[in-house]
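Here's the structure we're looking at; comments come further down.
None of the figures in this text is laboratory data; all of them are computed from the coordinates on show. Everything quoted here is computed from the prediction, not taken from an experiment. Heads up, the Cβs are rebuilt from the backbone with ideal geometry, glycines too, and the neighbour counts pull from every protein chain shown.
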Amino acid sequence: MLKAEYNKITLIFKRPGGTSRGVLKTKDSWILKVWDEQNPGSAGTGECSIIYGLSPDPVDGYEDKLNELVQNIQHSDSVDLTDYPSIKFGLETALLDLQTGGKKLLFPSSFTEGKRGIPINGLIWMGDFEFMREQIIEKLEAGFNCIKLKIGNIDFDKELELLRLLRKDFGKTELEIRVDANGAFSPANALEKLKRLSDYHIHSIEQPIKQNQWEEMAGLCEKSPIDIALDEEFIGLNNNKTALMLKAINPQYIILKPSLLGGLKRSEKIIEMANHHQTEWWVTSALESNIGLNAIAQWTATLNNPMPQGLGTGMLYTNNFPSPLYIEKAHLYFNPLH
């Protein structure tokens, strides 16, 4: 007979993470454990991770839903998690971990054997000009040839100046630059800003305008000199609406965040839809602890996508869990001895 419990953890950022939605100093997660009553020493672990203001999960009643799940874990399919994609992700990965012996080895592969790494981008948080410049130098010195800058927080001309300085020293064949606006542009000024950004050979821009503006986003995808990647656009959509949205907007790229989308199987379904539209994709973590990141990384490795993935978030927190994951030469690796 299955049993379950959960514990809340508040993760503390080593240094505040700036986004267009504000500055993050802490982030809450709930760690779900599932075990068989006859073998309590072997438990599956999953993470239910939310980002306030971004995750679609209702904050009020979140722990009530977790309590309902824990009480009914033997028949978890009977618990309605439609509005709780983060709990779906935590449950799915906890059960996968349990099935594979509770060793946090969900998807054995050459990655988990330590033989192959996953290419990743270097994440640059928003902040003042000098802070962003320092981060870029750190990433370049660490060997990253693909970086992702969060933009839309400081003066746009200063962000362009940062890009100009970057391109002065690193051409487009030496350094791939992705930018993430988190919906910071308005439909009225987005195209003009995209044209100005294109002077610096930008690979792609994530979510230039806020989600749920399908007609405006479709127009940008058609006219923009920079390829557009959808991210927040998926939040809160079921499979039918996701299919309609992809057809209506026809983006160049999509970005998959399993804990915001409702798990790994759901993410695979969206990849199928993207492939149907010949839309490329990559996977990004959504500020999970090392427990969620470990599950996402192992799954991502099985997809064999050669593009840099957004999985370099394991060192963000002062109180993270021990992990077999480490970064070397712009790749995420798994140490099977840990």
Report task. Take every DSSP beta bridge with both residues inside the stretch 118-334 and express the antiparallel ones as a percent of the total, to the nearest 5. Result -> 25
Query - Leading residue at positive end of dipole, the chain (Cβ point charges), from His338, Leu303, Gln252 - result: His338
Report task. Would you mind calculating the gained length between Gln74 and Lys265 on full extension (0.36 nm times residue separation, minus the Cα-Cα distance), in nm to one decimal? Result -> 66.7 nm
Requested in this report: Would you work out the charge dipole size for the chain about its Cα centre, treating the Cβ of every Lys and Arg as +1 and the Cβ of every Asp and Glu as -1, and quote it to the nearest 20 debye?
Outcome: 600
Query raised in the report: Taking amide hydrogens as modeled 1.01 Å from N in the peptide plane, which residues meet the under 5 Å criterion relative to Leu123, leaving out close sequence neighbours?
Result: Lys148
Report summary line: Beyond 24 Å (Cα-Cα) in this structure, taken from Lys25/Lys329; Lys8/Lys257; Lys25/Lys195, we find Lys25/Lys329; Lys25/Lys195
Query raised in the report: In nm, to one decimal, how far is the Gln38 label point from the Glu328 one, both placed 7 Å along Cα→Cβ?
Result: 4.3
Query - GluC sites (Glu not before Pro), loop per DSSP, at most 13 other Cβ atoms within 10 Å - longest free stretch of the chain - result: 175-338
Query raised in the report: Helix-derived [θ] at 222 nm for the chain: sum -39500 (n - 2.57) over DSSP H runs of at least 4, divide by residue count, nearest 500?
Result: -10000 deg cm²/dmol
Requested in this report: Would you list the membrane-span-like helices of the chain, meaning whole DSSP H runs whose alpha-carbon atoms span at least 24 Å along their axis and whose mean Kyte-Doolittle value is at least -0.5?
Outcome: none
Report task. Between the alpha-carbon centers of the stretch 37-68 and the stretch 261-326, tell me the distance in whole angstrom. Result -> 18
Query - Theoretical gain in end-to-end length, Lys223 to Thr173 [0.36 nm per residue, Cα-Cα removed] - result: 15.6 nm
Report summary line: Between Tyr52 and Thr82, the two model label points (7 Å from Cα along the beta-carbon direction) sit apart by a distance in nm of 2.8
Query raised in the report: Pick from Gly41, Gly263, Gly90: which residue has the top mean-square fluctuation in a GNM of the chain where Cα pairs under 10 Å get a spring?
Result: Gly41
